[in-house]
1. Based on what the data block shows, is MET72 over 30 Å from MET140 (Cβ atoms), under 28 Å from the mean Cα position of the chain (by Cα) and aliphatic (A, V, I, L, M)?
2. Taking the condition of being assigned to a helix (DSSP H, G or I) and free of Cβ contacts under 8 Å to residues at least 24 places away in the same chain, how many residues in the range 175-206 meet it?
3. Is one or more of the residues making up the range 117-128 assigned to a helix (DSSP H, G or I), under 31 Å from the mean Cα position of the chain (by Cα) and touching a residue at least 60 places away in the same chain (Cβ under 8 Å)?
4. Only one of (1) over 30 Å from ASP40 (Cα atoms); (2) buried (at least 18 other Cβ atoms within 10 Å of the Cβ) fails for TYR162. Which number is that?
5. Just the residues that are touching a strand residue (DSSP E or B) at 6+ places or on another chain (Cβ under 9 Å) and among the β-branched types (Val, Ile, Thr), please, taken from the range 46-87.
6. Kindly indicate whether SER188 is of a type in the set (Gly, Ala, Ser), surrounded by 15 or more Cβ atoms within 10 Å (Cβ to Cβ), modelled with pLDDT under 85 and touching a strand residue (DSSP E or B) at 6+ places or on another chain (Cβ under 7 Å).
7. For the structure I just gave you, tell me whether GLN101 is within 19 Å of SER82 (Cα to Cα), open to solvent by 80 Å² or more (accessible area, probe 1.4 Å) and in a helix (DSSP H, G or I).
8. Please verify whether the range 136-143 includes one or more residues that are open to solvent by 60 Å² or more (accessible area, probe 1.4 Å), within 24 Å of THR158 (Cβ to Cβ) and assigned to a helix (DSSP H, G or I).
Amino acid sequence: MKLKKLSAILLGLLGVVTLSGCSQDDRSGTFYDIFVKPMDLSLSKIHEYTGSWGWSIVIITLVIRLLVLPFMLNNYKVQNKSRKGQELARPELEVLQKKQQAAKEKEARAISNEEKMQARSELMELQREQMAILKKYDAMPLSLGGCLPMLIPLPFLTGLFYTLSNPLYSAGIIDSTFLGVFNLGTRSYTLPIIAFVVYAIQTKIQMSLMPTPTQPGQEQMQSQMKMMQWLSPIMITGFSFWVAGAVAVYYIVGGLFMIFQTYLGHALYPPYKPEKQKKQTFDPEKVTLVSNKKKRK
């Protein structure tokens, strides 16, 4: 659980650093040369074939999303494998939790330092056993490595964002419209509303596809995650009111693709559903700790 929270914090910090490390009016520096300028040139080249800046934005956004789709699908696969492992490991973990509770009570009742040290040593052995069980069922919590697929597209999408905010080679966007209705170079009041609807639908779909909580504490954590997910539609809508319409189109296309990606990921890697069977019982005295296994070798 702590690893997941740490990963989320690091992901957010990296996003802030990436976004703040380059001004939309700055056309110099490493980030501009590697990410922004190529996006600007690519957008201009696509426009030569389409003749429409709006459709050019749609195409380049879809191209980037398609390029990172395999990484995102792999993330679905890893998460699904971890959830399945957690369900399979649950009976053994429940036994282990009872042992841990007994060890904590033993430490609380301890009078001498020797008894306290013995209880703490027992708790450490149980923690090692817990990690061994999680590893055995491939149920290890996702670390920063599990968030890597979400980090990969960030600089590319940020580069496209800065291109649309301050285009140079594709400066024609400033005086253009999309579908003859939406101005791409100025602030739009309609596109942000469309963006909110798209991301609200995407959030609703993602929440409906969440697996049913099976372990103690998961319901509360899932409820908190659902509340956090609604921040995305609200923030994107507010931001779309502030920037040019071209950026709002980019957000809308990205949101529509995420809906497709969510359905695809769920279809390829559906949540694990354990078969209905008699509840297995484990004798706490028969659970062999990692330390005991090592002693036998």
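The values are calculated or read from the model by the stated rules, or taken from the named source; none is laboratory data. The model shown is predicted, which means the values in this text are computed figures rather than measured ones. Because the Cβ atoms are built from the backbone with ideal geometry, glycine has one as well, and the counts that use them run over all protein chains shown. Keep in mind that these areas ignore ligands, DNA and RNA; they rest on the heavy atoms of the full protein, side chains included. Shrake-Rupley method; radii C 1.70, N 1.55, O 1.52, S 1.80 Å.
1. Criteria not met by MET72.
2. 3
3. Yes: the range 117-128 contains one or more residues that are assigned to a helix (DSSP H, G or I), under 31 Å from the mean Cα position of the chain (by Cα) and touching a residue at least 60 places away in the same chain (Cβ under 8 Å).
4. Going through the list (1) over 30 Å from ASP40 (Cα atoms); (2) buried (at least 18 other Cβ atoms within 10 Å of the Cβ), TYR162 breaks only (1).
5. Hits for the range 46-87 are ILE57, VAL58.
6. It is false that SER188 is of a type in the set (Gly, Ala, Ser), surrounded by 15 or more Cβ atoms within 10 Å (Cβ to Cβ), modelled with pLDDT under 85 and touching a strand residue (DSSP E or B) at 6+ places or on another chain (Cβ under 7 Å).
7. So GLN101 does not fit the description; no.
8. no
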